[in-house]
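The values are calculated or read from the model by the stated rules, or taken from the named source; none is laboratory data. This structure is a prediction, so every number in the text was calculated from the model and none was measured. Cβ sites come from the backbone with ideal geometry, for glycine too, and all protein chains shown count toward neighbours. The protein model used for the area step is the full one, side chains on, heavy atoms only, and it has no ligands, DNA or RNA in it. Shrake-Rupley method; radii C 1.70, N 1.55, O 1.52, S 1.80 Å.
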Amino acid sequence: MRAAKALSYPAFGVGEPAAEPGIRAERIEKRLGGNDVLRGVELIVRPGEILSILGSSGSGKSTLLRCLNLLTIPDRGDIWVHGEKLAIRAASQHGGPAGILDHRQVRRVRASMGMVFQNFNLWPHKTALENVTEGPVLVKGIRRGAAAELGRHYLAKVGLSDKADAYPRHLSGGQQQRVAIARALAMEPQVLLFDEPTSALDPELVGEVLRVMAALAGEGRTMVIVTHELAFAREVSTRAAFMHGGLIEEESPPQEFFSSPVSGRLRGFLASHR
Amino acid sequence: MDGFVVQFVNGLKTTVLLALVSGALGMALGLLAAAGRLSRWRAVSAAVGFYTTIIRGVPELIIILLIYFGGTVAISAFFGRYVEVNAFLAGVVSLTVVFGAYTAEIFRGAVLSIPAGQIEAARSLGLHPWQTWLLVILPQMLRIALPALANQWISLVKETSLISIVGLTDIMRVAAIGAGSLRAPLTFYLAASALYLALTSLALVIFNLLERRFAVPGR
Ligand SMILES: Nc1ncnc2c1ncn2[C@@H]1O[C@H](COP(=O)(O)OP(=O)(O)OP(=O)(O)O)[C@@H](O)[C@H]1O
Ligand SMILES: [Mg+2]
């Protein structure tokens with residue numbers, strides 16, 4: 001069966017995971033509110049790859065994405081980011097929660113992975129520019145002046161040069177999401193994580209955000225995109241994965257993924273989303 | 001009567017000082033307690049929950065008496081002879097403890113009303129928890145808490161009058177003494193009312209200015 005298992009393609013850097021770039025997640029398990037949300041997921045994201053993750057609601061897509069930068073701490077399993085293994089304590093059999101062992105490492109790793117959320121999550125008391133510059137200033141210690149320049153550069157990149165001084169409340173959903181993308185970009189991360197970035201938008205605003213994302217994809221960035229926009233995923237991804245019941249059920253290059261899916265569930269999913 | 005004008009002025013100073021000191025300390029305590037209540041450490045959270053529940057459930061007057069007499073007993077035992085607790089100090093301690101319990105709940109509610117996503121966004125950039133507090137939580141929390149804090153400050157100003165029960169010469173005690181010695185209770189209590197009303201009105205005006213100054217931009 002083609003690509004039904006995550007590791008069915010040749011692993012890179014065999015025997016020397018410390019040198020491998022990108023992200024590797026092994027046997028990720030997570031239980032939330034009495035549900036086994038992730039049940040041993042295997043995931044590899046290589047540099048320059050654009051991985052789309054699809055699946056029905058509740059299949060564990062967001063949870064998996066959040067495990068990659070430890071906004072959610074997996075109960076079990078290992079994660080390597082740019083060859084560095086994340087120091088986490090597994091959950092105990094008796095219900096003791098999983099924990100972060102090296103907070104400094106986690107902050108460093110988070111700073112190298114930009115995340116864009118479904119609900120934008122801008123800070124309403126800060127202007128668009130401030131939303132973009134606070135990360136570089138506070139985390140990277142960049143001076144305010146230089147950060148403002150950086151911020152304007154990335155606001156221009158998402159087409160919002162004229163909105164630098166606007167507060168989020170004065171921006172449309174699409175504009176807010178583009179500010180959020182600029183905020184992630186300003187950290188100059190090695191990987192971008194998107195969790196349904198257009199799901200909270202009015203239909204007429206989806207296009208402007210997808211166009212920005214497609215442009216980023218064209219720059220050869222490494223991106224993981226959880227999305228329900230099938231046409232977009234088909235067009236920009238280099239690989240697509242289908243999640244079901246806390247596992248990746250099928251993954252393959254977009255041509256095969258969308259044209260000749262193997263699993264019946266994926267076929268059903270694709271048919272119902274046409 | 002003339003002598004009482006001077007006494008009222010002194011009483012007013014005492015009342016204002018008592019309110020300001022216990023209000024400032026109480027808010028600091030309330031912030032700490034709110035952080036403790038929201039802490040991941042269950043023991044800390046439970047201890048703070050116990051404190052706010054007890055304090056809010058017992059009449060202030062009893063708390064003042066307990067701290068005054070309890071303090072006297074404790075300090076006398078410590079020095080091995082009878083030492084009376086200073087009434088102002090007892091007032092500051094009891095009002096701080098009370099104010100801290102109420103503002104802790106206000107601050108906690110304000111923190112909880114900040115959408116979790118905003119905090120996650122800060123964490124996802126690699127911010128340290130205290131940077132997240134300073135950047136995201138504190139500025140918004142104070143804004144959200146202002147209206148409830150205004151009410152609490154007004155209550156505080158009025159509650160200072162309870163400290164007169166342990167002998168503090170504040171507005172209330174001056175009025176009571178005058179009412180008794182000059183046999184003009186109505187005059188003196190009306191004068192005291194006017195002073196308290198002036199103080200609470202001033203507090204309201206200040207909070208209105210603060211609310212305007214710190215209005216959420218764009219709303
Ligand atoms: N904090 C939580 N507590 C309890 N259950 C949770 C929590 N977070 C997620 N879940 C549950 O875990 C399951 C998977 O959630 P997740 O958000 O990862 O799904 P998803 O694939 O992203 O779905 P959607 O397409 O709706 O965003 C759902 O059943 C959800 O109810
Ligand atoms: Mg989701």
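Below is a table of values for the structure above.
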item	result
Rounded FRET efficiency, nearest 0.05, which uses the C-beta distance separating B:Ala116 from A:Asp162 and R0 of 22 Å	0.10
Simple Cβ-charge dipole of chain A, Lys/Arg +1 and Asp/Glu -1, about Cα centre, in debye nearest 20	420 debye
Probe 1.4 Å, accessible area per residue of the range A:119-188, Å²	39 Å²
Percentage relative contact order, chain A, counting C-alpha pairs under 8 Å, at least six apart	25 percent
FRET efficiency for B:Asp2 and B:Leu32, using Cβ-Cβ distance with R0 set to 35 Å, rounded to 0.05	0.15
Loop-exposed chymotrypsin sites (Phe, Trp or Tyr not before Pro) per DSSP, neighbour cap 12 Cβ within 10 angstrom, longest uninterrupted part of chain B	B:83-219
Furthest towards positive pole of dipole, B:Gly49, A:Leu65, B:Ala90, structure part the protein assembly as shown, Cβ charges	B:Ala90
Estimated [θ] at 222 nm from DSSP helical runs (n ≥ 4, -39500 (n - 2.57)) normalised by residues in chain B, nearest 500	-27000 deg cm²/dmol
0 to 90° range, to nearest 10: angle between helix B:171-181 axis and chain B longest Cα axis	20 degrees
Given A:Lys61/A:Lys126; A:Lys85/A:Lys157; A:Lys61/A:Lys85; A:Lys30/A:Lys140, the pairs whose alpha carbons are separated by over 25 Å	A:Lys61/A:Lys126; A:Lys85/A:Lys157; A:Lys30/A:Lys140
Relative contact order (%) - chain B, alpha-carbon pairs under 8 angstrom, separation at least six	28 percent
Per-residue mean of C-beta atoms belonging to partner chains within 10 Å, peptide A:132-140	4
Test item: A:111-121 mean partner chain Cβ contacts at 10 Å	4
Calculated from backbone phi, Karplus (6.51, -1.76, 1.60) coupling profile of the range B:77-83 in Hz, x at Gly/Pro	4, 5, 8, x, 8, 5, 10
Phi to ³J(HN,Hα) by Karplus 6.51 cos²θ - 1.76 cosθ + 1.60 over the range A:261-274, Hz, x for Gly, Pro	x, 8, 6, x, 5, 5, 4, x, 4, 5, 5, 6, 9, 7
Unit charges on C-beta of K, R, D, E only; dipole of the protein assembly as shown, Debye	340 debye
Helix A:203-218 vs. chain A, principal-axis angle (Cα, 0 to 90°, nearest 10)	80 degrees
Solvent-accessible ranking of A:His170, A:His103, A:His125, largest area first, probe 1.4 Å	A:His170, A:His103, A:His125
Listed residues A:Leu270, B:Leu17, A:Leu51: farthest to the positive end of the dipole of the protein assembly as shown (Cβ charges)	B:Leu17
0 to 90° range, to nearest 10: angle between helix A:144-157 axis and chain A longest Cα axis	70 degrees
Spin-label model distance (nm) - A:Thr238 vs A:Arg267, 7 Å beyond Cα toward Cβ	3.0 nm
Spin-label pair A:Glu256/B:Val73, simplified geometry with 7 Å Cα→Cβ offset, distance in nm	8.1 nm
